[in-house]
Amino acid sequence: MLSFELTFMDFLLEHQERHGRTYHFLILMNSILNAAKRIQHYYLTGALRGNLGLAGCVNVQGENAMKLDQIANEVVKYYLSRSGRVIYAVSEEEEDLVSMNPSGRYFVYFDPMDGSSNIPHNLPVGFLFGIAKRNLEGPEDGHLRAGNEYIAAGMFVIPTGTFTIALKEAGCWRFHIDETMNYVKPTRLELPADRKSWELSFNSAHREYFSSGVRDWIERNEKKYQFRYLGALAGDFHRILTNGGLFLYPAIVNHPDPKKNYPNGKLRLMYEAAVVSFMCQEAGGSAVDEKGQPILSIKPSHQHQRTALYLGSKELVEEIAEVLKKQS
Ligand code: AHG
Ligand code: MN
Ligand code: MN
């Protein structure tokens with residue numbers, strides 16, 4: 001017997017038709033899929049073509065850019081712009097707002113390659129994106145949107161071949177790449193209630209630099225769960241979405257070299273933290289910042305704004321939020 005799996009595009013067409021939506025979002029998503037497949041190709045052939053190394057320059061975050069950070073950024077910009085549906089994009093790799101089509105309906109926030117330290121090893125990286133919609137009727141509005149205004153957010157784990165997307169109030173779904181380069185077989189994700197599979201995920205080398213409340217919470221809880229850390233938010237969050245638990249990237253406040261402190265956290269709000277928090281919420285979880293406030297309620301004042309991030313199963317996020325609220 002032949003078997004045929006539902007593709008992501010089948011799934012989305014049906015969803016849009018059921019809700020009487022326009023085709024614009026489909027066109028945008030088609031361009032995002034094209035970009036992801038193209039990045040996947042460059043990643044898989046990176047070692048052969050000499051594309052795994054450093055680009056020889058520093059990006060807007062003051063970090064050494066890798067060739068693949070730049071390739072992925074060019075790929076995403078090309079496809080978003082080609083869709084004709086994006087007015088402005090925000091990229092981790094671009095200091096300024098990227099102007100696209102003046103009549104575009106959407107803002108797209110993206111990290112074209114997340115987890116760059118995995119690149120030289122060909123280990124998992126991510127392409128993360130969040131989408132908000134312009135206020136087409138009212139007065140012109142800006143791109144600095146809180147996560148709770150996103151209409152969709154997703155991530156591709158590359159080269160693993162998974163695509164996870166959350167659609168506003170319609171759940172969080174995972175697809176797997178097949179031999180025809182289609183993402184197929186939608187599975188709805190719900191964080192598991194059973195603590196048996198829960199995991200903690202954070203850079204343990206930094207624990208002494210976290211606030212005392214967070215350090216104490218970790219000490220009280222770390223023996224209860226498995227510990228996993230890949231060093232790429234996309235991959236670490238991928239595990240949490242399936243197994244449950246807590247991903248933490250706390251503020252770094254006690255580093256002996258004050259230049260290495262990140263009092264506002266390291267991760268970027270618009271194209272990292274809000275993207276995964278939106279997905280997590282649609283899967284029944286939640287996320288807060290260093291003050292214990294919901295990540296999705298933060299209205300950014302700058303497109304590259306950073307935030308601390310505590311993300312995952314509701315009970316654990318609520319527990320640590322109490323600690324964070326008390327100490328702030
Ligand atoms: P990017 O590669 O886009 O700069 O992001 C890397 C981020 C994120 O993916 C990951 O969770 C975190 O940096 C890891 O940081 P540490 O190396 O400090 O643990
Ligand atoms: Mn990143
Ligand atoms: Mn990146």
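The values are calculated or read from the model by the stated rules, or taken from the named source; none is laboratory data. Only a predicted model underlies this, so the values are computations on that prediction, with no experimental measurement involved. In this analysis, Cβ positions are derived from the backbone assuming ideal geometry, glycine residues included, and neighbour counts consider all displayed protein chains.
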Can you report the number of residues in the range 225-244 which are touching a residue at least 40 places away in the same chain (Cβ under 8 Å), of a type outside the set (Phe, Trp, Tyr) and within 15 Å of ligand 1 (Cβ to nearest atom)?
10
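Show me the strands (runs of 3 or more DSSP E) found entirely inside the range 34-114 where at least 2 residues are surrounded by fewer than 16 Cβ atoms within 10 Å (Cβ to Cβ) and not assigned by TED's automatic domain parsing to the domain that holds Gln305.
Because the criterion is at least 2 residues that are surrounded by fewer than 16 Cβ atoms within 10 Å (Cβ to Cβ) and not assigned by TED's automatic domain parsing to the domain that holds Gln305, the strands (runs of 3 or more DSSP E) in the range 34-114 that meet it are 54-58.
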Is there a residue being of a type in the set (Ser, Thr, Tyr), within 16 Å of ligand 2 (Cβ to nearest atom), more than 26 Å from Thr180 (Cβ to Cβ) and modelled with pLDDT of 95 or more anywhere in the range 78-98?
yes
What residue, among those in the range 203-223 that are in contact with a Phe, Trp or Tyr (Cβ under 8 Å, 6 or more places away or on another chain) and assigned to a helix (DSSP H, G or I), is farthest from ligand 3 (Cβ to nearest atom)?
Ile218
If you scan the range 249-263, which residues turn out to be outside any helix (DSSP H, G or I) and either more than 16 Å from ligand 2 (Cβ to nearest atom) or at pLDDT below 95 (or both)?
Pro250, Ala251, Ile252, Val253, Asn254, His255, Pro256, Asp257, Asn261, Tyr262, Pro263
With the condition kept exactly as written, say whether any residue in the range 218-239 is surrounded by fewer than 24 Cβ atoms within 10 Å (Cβ to Cβ), of a type in the set (A, V, I, L, M, F, W, C), within 13 Å of the chain's Cα centre (by Cα) and not assigned by TED's automatic domain parsing to the domain that holds Tyr88.
yes
Could you grab me the full set of residues in the range 115-131 that are more than 13 Å from ligand 1 (Cβ to nearest atom) and crowded, with 23+ Cβ neighbours inside 10 Å?
Gly130, Ile131
Taking the stated definitions as given, is Ala283 crowded, with 20+ Cβ neighbours inside 10 Å, hydrophobic (A, V, I, L, M, F, W, C) and over 18 Å from the mean Cα position of the chain (by Cα)?
no
Residues that are farther than 15 Å from Phe25 by Cα, more than 11 Å from ligand 2 (Cβ to nearest atom) and touching an Asp or Glu at 6+ places or on another chain (Cβ under 9 Å), drawn from the range 110-134
Ile119
Is there a residue being surrounded by 22 or more Cβ atoms within 10 Å (Cβ to Cβ) and among the aliphatic types (A, V, I, L, M) anywhere in the range 178-188?
no
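For the range 100-114, what are the residues that are free of Cβ contacts under 8 Å to residues at least 60 places away in the same chain and in contact with a helix residue (DSSP H, G or I) (Cβ under 6 Å, 6 or more places away or on another chain)?
Hit for the range 100-114 is Met100, nothing else.
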